[in-house]
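Q: This structure is in structure tokens; I'll ask about it shortly.
The values are calculated or read from the model by the stated rules, or taken from the named source; none is laboratory data. Predicted model, so just to flag it, every value in this text is computed and none were measured. We place every Cβ from the backbone using ideal geometry, glycine too, and count neighbours over all the protein chains shown.
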Amino acid sequence: MKMRRGFVSNSSSSSFVAVGFEIPIYGEEWNDFLNRNFNLGICPGMEVDQWELSDIIEQNTGLSYFDNEYWGGGVRMVGYRLAYRLDDGYEDGRMNVEKAVEKVREVSESWNFGTPIQIFWGLVSV
């Protein structure tokens, strides 16, 4: 039997572990939120490019945007990556989780969604 250490990654998906909060709004309400907070100019009925949105959120908050709903996972969240694509060069290690949670809490409170901070894991498309 072959044993594997780390996370799975291939050309279409990659594993992740993150601390973050779920995004509880959808559709036009989500688009309105994005327009108010990031000045994106999204028109009613317009689709938002998930990769572009991920970049915008990361540039403005320092956190990552994960839309597993887009790929069939059922969760959209913003958070701090604790582990991601370990087989792409990351080594075993450690990090200060308190600082990660503090950053997530800061953004969560400013966005005022009222969803709890949680640990998320799964696959994302790459």
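Q: Considering only residues of the stretch 78-90 that are at pLDDT 60 or above and more than 13 Å from LEU123 (Cα to Cα), which is surrounded by the most Cβ atoms within 10 Å (Cβ to Cβ)?
A: GLY79
Q: Go through the residues of the stretch 57-69 one by one and say whether even a single one is assigned to a helix (DSSP H, G or I), modelled with pLDDT of 90 or more and among the hydroxyl-bearing types (Ser, Thr, Tyr).
A: yes
Q: Just checking, how many residues over the stretch 24-61 are acidic (Asp, Glu) and touching a Pro at 6+ places or on another chain (Cβ under 9 Å)?
A: 1
Q: Now for a different question. Kindly list, by first and then second residue, each pair from a residue in the stretch 16-34 that is among the acidic types (Asp, Glu) to a residue that is part of a strand (DSSP E or B), limited to pairs with Cβ atoms under 8 Å and residues at least 6 apart or on different chains.
A: Here the result reads GLU22/ARG76; GLU22/MET77; GLU22/GLN118, each pair linking the stretch 16-34 to a residue that is part of a strand (DSSP E or B).
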